[in-house]
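Since the structure comes first, as structure tokens, the remarks are kept for the end.
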Amino acid sequence: MTVNEFIERIREILELEDAQLNIETNLRDLQEFDSLAVLSIIALVDEKFGKQIPATQFATITTIRSLIEKIGWEHFE
Amino acid sequence: MNNPFCLCNKNIIITGASSGIGRQCAISCSQMGANVILIARNQDRLRETYNRLEAGNHLFYSQDITKYNDLESFISDSVSKVGKISGFVHAAGVERTLPFRMMKPEYYEDLFSINVIAGFEIARIISNKIYLDASGASFVFIASVRGILGQIGNVGYCSSKGALLSGMRAIALELINKKARVNCISPGIIETDMTKKLFENIPESSKEEILKMHPMGFGKPEDVANACIFLLSDAARWVTGTNLIVDGGYSAR
């Protein structure tokens with residue numbers, strides 16, 4: 001999966017239509033980023049990368065970049 | 001005086017016996033005098049449960065209960081070894097924490113096959129008179145308060161446990177003429193490996209919220225096992241088609 005495809009999946013999960021979403025976007029600034037969104041993103045990461053991020057560790061994630069770093073750049077094309 | 005809760009001379013099949021509620025039900029039933037027939041996928045953990053049983057004529061089978069065509073062979077094998085079946089506890093269960101919008105048909109299928117269909121299949125096979133103790137039998141399905149009350153991120157688990165509750169009532173009515181009683185136990189959150197995993201997948205704030213909903217705190221596997229002993233024993237002779245809620249007050253509010 002490329003970074004852009006990953007960002008696109010996050011956009012789908014958060015149901016963002018027009019908002020600009022890029023690697024520096026701070027997820028916590030988005031109104032749509034609630035506890036259900038956290039669960040959804042954890043599930044997405046598990047499904048696509050086979051990586052389990054405990055919800056407790058998710059607290060440190062801010063930008064999409066920080067999420068990608070948590071997953072590991074080596075998982076991206 | 002005879003102990004009405006005694007499980008002496010009863011052969012009881014228990015699924016999910018390798019951990020959590022299933023394991024404790026197996027240990028507690030053996031302590032009450034039952035012969036238990038354990039089934040679960042993980043052989044090492046199953047053996048660990050087996051080693052913790054009180055002495056008795058116990059058996060264990062390591063197999064996947066969703067391979068429905070293989071279920072009859074372990075039941076007929078155990079009947080040939082220990083005699084007819086007078087109890088069944090379906091404690092095998094899986095859960096998946098996922099928002100409704102992220103669910104997929106195959107996730108529901110996985111949850112329903114273990115939580116519901118395998119349990120109903122084993123009960124169906126046991127209810128054949130060649131396997132069932134003609135003097136009376138008791139089937140217990142471990143459901144959940146989440147089969148009655150909703151919980152965010154739990155649609156698959158909630159719906160599978162709800163299916164157990166409603167199916168149980170229909171089965172109870174059908175098996176009355178075979179002297180088999182059929183009931184559910186609906187636990188609140190019990191401290192097991194499964195709930196530990198659940199808590200890893202939800203934010204800390206949600207965990208605190210769930211704890212607040214249990215006025216007596218979280219339960220222990222023994223709390224469910226003791227309820228199970230009651231339903232399996234002759235003390236529950238006149239109890240069928242019911243759901244025994246064991247939740248430390250969770251659903252009282």
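Using the alpha-carbon centroid of each, what span in Å lies between region B:1-34 and chain A?
46
Fewest Cβ neighbours within 10 Å first, please rank B:GLU121, A:GLU74, A:GLU24 accordingly.
Fewest-to-most Cβ neighbours within 10 Å comes out as A:GLU74, A:GLU24, B:GLU121.
Do any of B:LYS161/B:LYS197; B:LYS67/B:LYS220; B:LYS196/B:LYS220; B:LYS10/B:LYS197; B:LYS129/B:LYS179 go past 22 Å between their Cα atoms, and which?
The pairs that break the limit, which is 22 Å between Cα atoms, are B:LYS67/B:LYS220; B:LYS10/B:LYS197.
Based on Cα positions only, what radius of gyration and what Dmax would you give for chain A, in angstroms?
For chain A, the Cα radius of gyration and maximum Cα-Cα distance read 11.3, 30 Å.
Shielding of B:92-101 by partners, i.e. mean partner chain Cβ atoms within 10 Å per residue? Numbers along the way, then the final one.
Details: counts 0, 0, 0, 0, 1, 4, 7, 9, 2, 5.
That average works out to 3.
Chain B: percent of C-alpha pairs farther apart than 25 Å? Working shown, then result.
On the way: 12299 of 31878 pairs.
So the pairs more than 25 Å apart make up 39 percent of the total in chain B.
Kindly put B:LYS196, B:LYS179 in sequence by how many other C-beta atoms sit within 10 Å of each C-beta, fewest to most.
Final ranking by Cβ density, sparse to dense: B:LYS196, B:LYS179.
Going by how many other Cβ atoms sit within 10 Å of their own, how do B:MET216, B:MET32 line up, fewest first?
B:MET216, B:MET32
Where the convex hull is taken over the Cα atoms of the protein assembly as shown, what is its projected area averaged over directions, in nm²?
18.8
Any read-out appearing in this document is the output of simple, stated calculations on the displayed coordinates, not a laboratory observation. Because the structure is predicted, anything quoted here is derived from the model rather than measured. Cβ: placed from backbone, ideal geometry, glycine included. Neighbour counts: every protein chain shown.
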